[in-house]
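The values are calculated or read from the model by the stated rules, or taken from the named source; none is laboratory data. What you see is a predicted model, and the numbers here were worked out from it, not measured in a lab. Neighbour counts are summed over all protein chains in view; Cβ atoms, including those assigned to glycine, are modelled from backbone coordinates with ideal geometry. Remember, those area values only see protein heavy atoms, side chains included, never the ligands or the DNA or RNA. Shrake-Rupley method; radii C 1.70, N 1.55, O 1.52, S 1.80 Å.
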Amino acid sequence: MTSRSTTEAGHRSSLLPAALTGASRSATGARVIARAEGARLFDTDNRAYIDYSLGSGTLLLGHAHPEVSRAIGEQSNRGTSYRFVDEVAIALAERLATSVPCVEHVALTGSGSDAVALAMRLARAHHRRDGILKFEGASHGSSDYGLMSNHLSYVVGDYPRPVPNSAGIPRAVEDCVMVAPFNDAETTARLIEQRHEELAAVLVEPVQRAISPAPGFLEELRRMTTRHDLLLIFDESTTGFRAGPGGAQDVYGVVPDLCVLGPSISGGLSLGIVGGRTDILELVNPARYGHGDYVFQPASCSASAPACAAALATLDVLDHTDARSKIRASGERLVEGIRSACLDRGIDIQVAGEHGVIGIWFCPDEVSNFQSALLADSALAERLSDQLLEHGVIFDNDLLFVSAAHADAELDATLNAVTKVADAIARA
């Protein structure tokens, strides 16, 4: 019998093809979601799903968290977009300046993609050079520059030449982006030595997707960028505030010149933040317009008051409850449970992740960068995702996000489902 949810999904696919073919490639496109609460989504058949997609990681506290929802509602009643400085934006900027090591000044944008694009634009304007060095397999949003050699790549580039991951990107962009392998300090150092006169900045996720930095890798990036007078930019769209009040830069003790924050604390709303050195952020000051060094900051929908209110409410919960420790403990339990369920049945698997962001690769050897990730069996990962959906568990093929709302009941049900799917895979 065909459900109402799947029928609606099929009917609407001609209007919203991304619902079925979006970048996440998640099997949830076969369902129409009606509502969400805590760690669960509910489709139009009222079937519940334990959600580990969580708005691509934007729902650190889970869906419809009471404090976040209250803050959004109260702010919406006072207005949503002013295009002038408002109290809630100032409060958020002050909060970031006191907690995140590199933040002296703040620029607010309408999305994480906008924030990464602005950070790169600031770096190019500051040094008057076009080149940005990034790391293969990193996700830096949907700008033309961010889509170079990102996590959706299928091939390894010829370093430092990037691979575009979308049609419609001008070829000239390829000449402005250089690519290095994550966690390979030797190759990265060699590229910087050879090309530093073309570079404005090095852009890195301090934890690339779910791959932790090798000991000393981030420190080496800081050393090399300082030596050659390049900016170091941390994209903490995922790690910001999951890792701790000061983000991954505080945890690892490496302070960048600029950082990107916002999505992880936005409560599912669209928010991007660029924080960092005052001399660099000052370039967005409209008073500089006409002087040759003014940097345009995305304006429409930037610093949305409800999004800023959601961020403040999320930070309040994170800083005054045990939410972070819950996320960390739940993530550790999932990592160990998924790994054991597969290894006990003879299935080669690597499961890694810090701070509630988890990656799964079906391969025998440790995954330390994008090259090694490409050796994993992606078809088996897709099969796991598809079969878990039938058990009411949403695993994206790319990353799993754990929220403070994932309690023992959700974890028990998830690991029970993983065990059943692992049994089926082992018998096949």
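Structural remarks
- Taking all C-alpha pairs of the stretch 303-428, those more than 26 Å from each other amount to 28 percent.
- Hull volume per residue, based on the alpha-carbon atoms of the stretch 203-300 and their convex hull, is 114 Å³.
- Low-density loop cleavage sites - chymotrypsin sites (Phe, Trp or Tyr not before Pro) in the stretch 286-324, where at most 14 other Cβ are within 10 Å (DSSP): 289, 296
- Per-residue Karplus couplings for the stretch 88-94, computed as 6.51 cos²θ - 1.76 cosθ + 1.60 with θ equal to phi - 60°, are listed in order as 6, 5, 5, 4, 5, 4, 5 Hz, Gly and Pro entered as x.
- Antiparallel DSSP beta bridges within the chain, as percent of all bridges there, nearest 5: 60 percent
- Secondary-structure-derived ellipticity at 222 nm for the chain, considering helices only, amounts to -11500 deg cm²/dmol, per-run term -39500 (n - 2.57) for DSSP H runs with n ≥ 4.
- The stretch between residue 187 and residue 99 holds 28.4 nm of extra length on full extension. This uses 0.36 nm per residue minus the Cα-Cα distance.
- Available extension along the chain between residue 195 and residue 375 is 61.9 nm, counting 0.36 nm per residue and deducting the alpha carbon span.
- Put 44, 188 in order of accessible area, highest first, and with a 1.4 Å probe you get 44, 188.
- Gyration tensor analysis over the Cα atoms of the stretch 242-368 returns equivalent ellipsoid semi-axes of 38, 19, 14 Å (largest first, whole Å).
- For residue 47, the solvent-accessible surface with a 1.4 Å probe is about 80 Å², rounded to the nearest 10.
- Accessible surface of the stretch 173-319, 1.4 Å probe, proportion on carbon and sulfur as whole %: 51 percent
- Rounded to 10°, Cα long-axis angle of helix 112-127 versus longest principal axis of the chain: 20 degrees
- Per-residue 3J(HN,Hα) values for the stretch 348-356, derived from phi via the Karplus relation 6.51 cos²θ - 1.76 cosθ + 1.60 with θ = phi - 60°, read 5, 8, 10, 10, 9, x, 10, 6, x Hz in sequence order (x marks Gly and Pro).
- On full extension, the segment bounded by residue 288 and residue 340 gains 12.9 nm, given 0.36 nm per residue less the C-alpha separation.
- Gyration tensor (alpha-carbon) shape descriptor, the stretch 54-111, a/c threshold 1.5: oblate
- Nearest-0.05 FRET efficiency for residue 408 and residue 154, computed from C-beta distance (R0 41 Å): 0.60
- At the listed q of 0.25 Å⁻¹, the Debye profile of the stretch 273-342, built from one uniform point per Cα, gives log10 I(q)/I(0) equal to -1.08.
- Residues of the stretch 407-428 with an amide N closer than 20 Å to a point placed 7 Å from the Cα of residue 348 along the Cα-to-Cβ direction: 422-428.
- Peptides ranked, highest mean first, by Cβ atoms within 10 Å: ranges 144-154, 50-60, 81-91: 50-60, 144-154, 81-91
- In the stretch 125-181, the C-alpha radius of gyration followed by the widest Cα-Cα span (Dmax) gives 10.6, 34 angstrom.
- Helix axis angle, 378-390 relative to the chain longest principal axis, alpha carbon, degrees: 60 degrees
- The stretch 344-387 - Rg over Rh from alpha carbon coordinates, Kirkwood radius: 0.96
- Our Cα-only numbers for the stretch 89-171 put the radius of gyration and Dmax at 15.2, 45 Å.
- Between 0 and 90 degrees, the angle of helix 408-427 with respect to the longest Cα principal axis of the chain falls at about 70 degrees.
- With the largest listed first and rounded to whole Å, the semi-axes of the equivalent ellipsoid of the stretch 114-252 from the Cα gyration tensor are 21, 17, 15.
- Base-10 log of normalised Debye intensity for the chain (one unit scatterer per alpha-carbon) at q = 0.08, 0.11, 0.14 Å⁻¹: -0.44, -0.85, -1.37
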